[in-house]
Amino acid sequence: MIIPKSSHFKENTMTLKNTESRYGSISIKMHWLMFILIAATFAFIECRVFFEKGTEMRDLFKMWHFMLGLLVLVMVIIRLYFRFTQVSPKITPPPSPMQNIAAKGAHLVLYIFMIAMPIAGWFMLSAFGKPIPFFGLELPPLMAVNKDIGGKIHDIHELVGQIGYFIIGLHALAALIHHYVQKDDTLTRMLPERKE
């Protein structure tokens with residue numbers, strides 16, 4: 001029995017991967033999943049202040065902050081794999097060479113942030129001698145207990161976390177400027193395709 005090829009199926013399989021004109025559905029879903037994870041990671045650590053120190057709810061919010069942060073690390077590694085193994089869609093109309101350099105620099109800072117922050121959190125918990133939870137698992141410590149170093153890592157982690165709001169905000173602002181001011185397809189390349 002011969003099954004006829006479906007053009008609809010062919011279109012769907014082709015859009016899984018990036019093309020020269022737009023990101024594929026895998027890249028798009030991973031991008032927005034990363035956004036949700038990072039937003040939730042920030043939300044949990046900010047909302048912990050609504051509960052008294054030492055309470056179960058405050059500790060629960062901190063635990064979810066750590067676990068989601070580590071999940072961001074896992075996801076960014078997967079995302080980097082797809083970034084280096086797939087074509088990057090071209091922007092139409094093309095931006096200036098200076099804008100391309102600025103965009104690459106901004107993306108590099110964003111990736112460093114997404115990798116360094118979870119690792120710093122892992123080091124911090126290790127230095128304080130606390131368990132490193134990860135969805136039912138307990139990860140091994142990255143260093144011996146040293147509360148002085150743990151305190152320094154905590155301060156840096158907190159400072160960089162505050163800077164992270166500006167990094168992410170600038171990323172979003174740049175996408176909006178591309179869309180509404182420069183009127184190119186930077187933003188629309190990363191939006192899901194509308195079904196006709």
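Per-residue answers, yes or no, for (1) closer than 27 Å to Leu33 by Cβ; (2) charged (D, E, K, R):
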| site | (1), (2) |
| --- | --- |
| Gly164 | yes, no |
| Val181 | no, no |
| Asp184 | yes, yes |
| Pro192 | yes, no |
Original post:
How many residues does the range 60-95 hold that are more than 14 Å from the chain's Cα centre (by Cα) and charged (D, E, K, R)?
Top reply: 2
**OP:** Would you check if Lys5 is surrounded by fewer than 16 Cβ atoms within 10 Å (Cβ to Cβ) and either outside any helix (DSSP H, G or I) or at pLDDT 95 or above (or both)?
**Re:** yes
Original post:
With (1) loosely packed, with under 14 Cβ neighbours inside 10 Å; (2) modelled with pLDDT under 90 as the list, and Ser96 as the residue in question, which single condition is left unmet?
Top reply: (2)
Original post:
In the range 104-115, is there at least one residue being in a helix (DSSP H, G or I) and in contact with a His (Cβ under 7 Å, 6 or more places away or on another chain)?
Top reply: yes
Original post:
Mind checking which pairs have a first residue in the range 120-134 that is in contact (Cβ under 8 Å) with a residue 40 or more places away in the chain and β-branched (Val, Ile, Thr) and a second that is buried (at least 16 other Cβ atoms within 10 Å of the Cβ) and not in a helix (DSSP H, G or I), Cβ under 9 Å, 6 or more apart or different chains?
Top reply: Ile132/Pro141
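Okay, residues lined up against (1) surrounded by 13 or more Cβ atoms within 10 Å (Cβ to Cβ); (2) among the hydrophobic types (A, V, I, L, M, F, W, C); (3) within 16 Å of the chain's Cα centre (by Cα):
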position	(1), (2), (3)
Ala102	yes, yes, no
Ala120	yes, yes, yes
Lys130	yes, no, no
Pro141	yes, no, no
Ala144	no, yes, no
Gly164	yes, no, yes
Leu173	no, yes, no
Asp184	yes, no, no
Original post:
Given the conditions (1) in contact with a Leu (Cβ under 6 Å, 6 or more places away or on another chain); (2) farther than 30 Å from Leu187 by Cβ, and given that Pro118 satisfies all but one, which numbered condition is not satisfied?
Top reply: (2)
Original post:
If you check Ala172 against the conditions, is it assigned to a loop (DSSP other than H, G, I, E, B), out of contact with any Asp or Glu (no Cβ under 7 Å at 6 or more places or on another chain) and hydrophobic (A, V, I, L, M, F, W, C)?
Top reply: no
**OP:** Could you tell me which residue of the range 127-141 is nearest to Asp59 (Cα to Cα), considering only residues that are outside any loop (DSSP other than H, G, I, E, B) and among the hydrophobic types (A, V, I, L, M, F, W, C)?
**Re:** Ile132
Original post:
Considering Ile26, Ile119, which residue is modelled with pLDDT of 95 or more and touching a helix residue (DSSP H, G or I) at 6+ places or on another chain (Cβ under 9 Å)?
Top reply: Ile119
**OP:** Taking the options His179, His157, name whichever one is part of a helix (DSSP H, G or I) and either at pLDDT 95 or above or loosely packed, with under 11 Cβ neighbours inside 10 Å (or both).
**Re:** His157
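The values are calculated or read from the model by the stated rules, or taken from the named source; none is laboratory data. Nothing here was measured: the structure is a model prediction, and the numbers come from that model. As a convention, Cβ positions derive from the backbone with ideal geometry for all residues, glycine included, and neighbour counts pool all protein chains shown.
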